[in-house]
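What follows is one structure encoded as structure tokens, with my remarks underneath.
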Amino acid sequence: MNFTASKQPENCLLGPESDSQRTLYPYVTGTSVVALKYKDGILMAADMGGSYGSTLRYKSVERMKPIGKHSLLGASGEISDFQEILKYLDELILYDNMWDDGNSLGPKEVHNYLTRVMYNRRNKFNPLWNSLVLGGVKKGEKYLGTVSMIGVNFEDNHVATGFGNHLARPILRQEWHENLSFEDGVKLLEKCMRVLLYRDRSAINKLQIAKITEEGMTISPPYSLKTYWEFAAFENPTQGAVGSW
Amino acid sequence: MTKQQANWSPYDNNGGSCVAIAGADYCVIAADTRMSTGYNILTRDYSKICKLADKCVMASSGFQADVRALQKQLAARHLIYQHQHNKQMSCPAMAQLLSNTLYYKRFFPYYSFNVLGGLDNEGKGCVFTYDAVGSYEKVGYSSQGSGSTLIMPFLDNQLKSPSPLLLPAQDAVTPLVEAEAIDLVKTVFASASERDIYTVRRQTRTCYHKCSWYPPGIHGT
């Protein structure tokens, strides 16, 4: 009996060559995205950094993009995977427009689509290494949801990815309330982003805030937050315990 | 070259507890509303309950993405059933479908710990309890999820179900009335939330009653 070894096809995910075909680690990454619902819609903030490990390689990465007429997508994690997701969504919106039936995909539908995409990639052990935030308004109804790289998704009044979950969510839980005005919403987001700037080493001081309402989406030009480094407690940090680190 | 090990896990435990209690002509199903990951809370307001058919509701805790996929899969199969049979699936039928669906992914399981509750064809309460790969059993009451180790002994104590090994088989459904069972469920979550960090007191709860004309909505505490 002679069994010749069967040749695996090139794009196979089994066998020793499989690992080069799957995502193992992220390379160029974006850090937190923070978003909240306010009176007229959704406000979302993200800085513009693209880190290559510990190097700050890219400083003008737009990590928030409009999707169709009603939605806004923010992403943290691998930037190239975000760009691929934008390509998928481009095709989705194109087909939606080509129906030309007066209907358009709302944020709920886009969020559902993204969840399915992320989950199916996780099932194939080849994830898109992103945490996504999807917000929007359609027919007066505000929607804000998030999906992780393994497909965990939920919607809430305020969401954040990565470090934002640890540093921004507690602030939002304390200070968010229904029907925030635009100014209050921006102030709250800036408060969160400032804490992230102080404490997240991959954050940079160049951010954008995006707003989406029934009328449409606007994204601010890049700007910096004012920071304060003269806090008394940090003037002489070892005053109370000389010799400690 | 040594094979690379994955530095990510396809699974996560988003926590939470589910409970169901069957009575002579009712069934109460409840689940808490917290969704967590590790030591973080993702959201405080998430329903783990899903209505699969008119008289059948599933509460699931575990990995939320798998739970959601499972709910969609069952909803799709139920729709096909309705088209083919011109009627809703009964609770025992859905129970079998859930078991088969879970076993289908025996070698890459849905990390979903389920409790199915509803009324059977005679209007009697029924509860089915599952593990992640589809083993199931019809019982009088059950709990699954992170708080189940705390909840189940308490339910055993309060509901005193007769052994399933007895011959002739004795009814496992509780003689308690609906209001008492609902009260018990509220107490159960109050207790579990004291000691299980993934379970909170606040729950979504639905109750089937034989006499109700309309399928009940799901309401919070």
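The values are calculated or read from the model by the stated rules, or taken from the named source; none is laboratory data. These numbers were taken from a predicted model, which means no experiment stands behind them. Note: ideal-geometry Cβ built from the backbone for every residue, glycine included; neighbour counts use all protein chains shown.
If I filter the range A:172-184 for residues that are within 14 Å of chain B (Cβ to nearest Cβ) and either hydrophobic (A, V, I, L, M, F, W, C) or closer than 19 Å to A:E62 by Cα (or both), do I get at least one hit? Yes: one or more hits. What is the residue count in the range B:127-147 for residues that are in contact with an Asp or Glu (Cβ under 8 Å, 6 or more places away or on another chain) and either of a type in the set (D, E, K, R) or modelled with pLDDT under 95 (or both)? Of the residues in the range B:127-147, 1 are in contact with an Asp or Glu (Cβ under 8 Å, 6 or more places away or on another chain) and either of a type in the set (D, E, K, R) or modelled with pLDDT under 95 (or both).
Can we say A:I85 is touching a Gly at 6+ places or on another chain (Cβ under 7 Å), farther than 20 Å from A:K206 by Cβ and outside any strand (DSSP E or B)?
no
Yes or no: B:V28 farther than 16 Å from B:M94 by Cβ and outside any helix (DSSP H, G or I)? Considered against the rule, which asks whether it is farther than 16 Å from B:M94 by Cβ and outside any helix (DSSP H, G or I), B:V28 comes out as yes. With respect to (1) over 16 Å from the mean Cα position of the chain (by Cα); (2) closer than 23 Å to A:I212 by Cα; (3) free of Cβ contacts under 8 Å to residues at least 60 places away in the same chain, the lone exception for A:V110 is condition (1).
Of the residues making up the range A:118-133, those that are buried (at least 19 other Cβ atoms within 10 Å of the Cβ) and of a type outside the set (S, T, Y) are A:M118, A:R121, A:R122, A:P127, A:L128, A:W129, A:N130, A:L132, A:V133.
Within the range A:97-116, the residues that satisfy the criterion of being in a helix (DSSP H, G or I), away from chain B (no Cβ under 12 Å) and farther than 18 Å from A:P66 by Cβ are A:M98, A:W99. The residues listed here are A:L189, A:L94; of these, the one that is away from chain B (no Cβ under 14 Å), under 18 Å from the mean Cα position of the chain (by Cα) and at negative phi is A:L189. Selection of first residues in the range A:118-136 that are within 10 Å of chain B (Cβ to nearest Cβ) and without any contact (Cβ under 8 Å) to a residue 24 or more places away in the chain and of second residues that are of a type in the set (D, E) and surrounded by 24 or more Cβ atoms within 10 Å (Cβ to Cβ), restricted to Cβ pairs under 8 Å at least 6 apart or on distinct chains, gives an empty result. A:R169 passes every criterion in (1) among the basic types (K, R); (2) more than 11 Å from every other protein chain (Cβ to nearest Cβ); (3) closer than 27 Å to A:A203 by Cβ apart from (2).
Looking across A:G185, A:G164, A:G136, one residue alone is closer than 22 Å to A:G68 by Cβ and surrounded by 20 or more Cβ atoms within 10 Å (Cβ to Cβ). It is A:G136. In the range B:13-39, the residue that is farthest from B:V185 (Cα to Cα) out of those that are within 14 Å of chain A (Cβ to nearest Cβ) and either within 19 Å of the chain's Cα centre (by Cα) or of a type in the set (A, V, I, L, M) (or both) is B:N13. Within the range B:26-64, the set of residues being among the charged types (D, E, K, R) and touching a Phe, Trp or Tyr at 6+ places or on another chain (Cβ under 9 Å) comprises B:D32, B:R34, B:D45, B:K55. Considering the range A:25-68, the residues that are out of contact with any strand residue (DSSP E or B) (no Cβ under 8 Å at 6 or more places or on another chain) and not in a strand (DSSP E or B) include one that is farthest from A:L114 (Cα to Cα), namely A:S54. Considering the range B:172-196, the residues that are touching a residue at least 12 places away in the same chain (Cβ under 8 Å) and over 17 Å from B:V28 (Cβ atoms) include one that is farthest from the chain's Cα centre (by Cα), namely B:R195. Taking the listed residues B:L98, B:L70, B:L79, the one that is away from every other protein chain (no Cβ under 14 Å), part of a helix (DSSP H, G or I) and within 14 Å of the chain's Cα centre (by Cα) is B:L98, with no other qualifying.
Of all the residues that make up the range B:40-61, how many are over 11 Å from the mean Cα position of the chain (by Cα), more than 14 Å from chain A (Cβ to nearest Cβ) and of a type in the set (K, R)? Of the residues in the range B:40-61, 1 are over 11 Å from the mean Cα position of the chain (by Cα), more than 14 Å from chain A (Cβ to nearest Cβ) and of a type in the set (K, R).
Matching residues to (1) more than 14 Å from chain B (Cβ to nearest Cβ); (2) touching a helix residue (DSSP H, G or I) at 6+ places or on another chain (Cβ under 9 Å); (3) on the phi > 0 side of the Ramachandran plot; (4) modelled with pLDDT under 65:
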| position | (1), (2), (3), (4) |
| --- | --- |
| A:N2 | yes, no, no, yes |
| A:C12 | yes, yes, no, yes |
| A:S18 | no, no, no, no |
| A:R22 | no, no, no, no |
| A:Y25 | no, no, no, no |
| A:V34 | yes, yes, no, no |
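Take the range B:35-67 and flag every residue that is in contact (Cβ under 8 Å) with a residue 60 or more places away in the chain, in a loop (DSSP other than H, G, I, E, B), under 21 Å from B:D131 (Cα atoms) and of a type outside the set (G, A, S). Once the filter is applied, which keeps residues that are in contact (Cβ under 8 Å) with a residue 60 or more places away in the chain, in a loop (DSSP other than H, G, I, E, B), under 21 Å from B:D131 (Cα atoms) and of a type outside the set (G, A, S), the range B:35-67 yields only B:K48.
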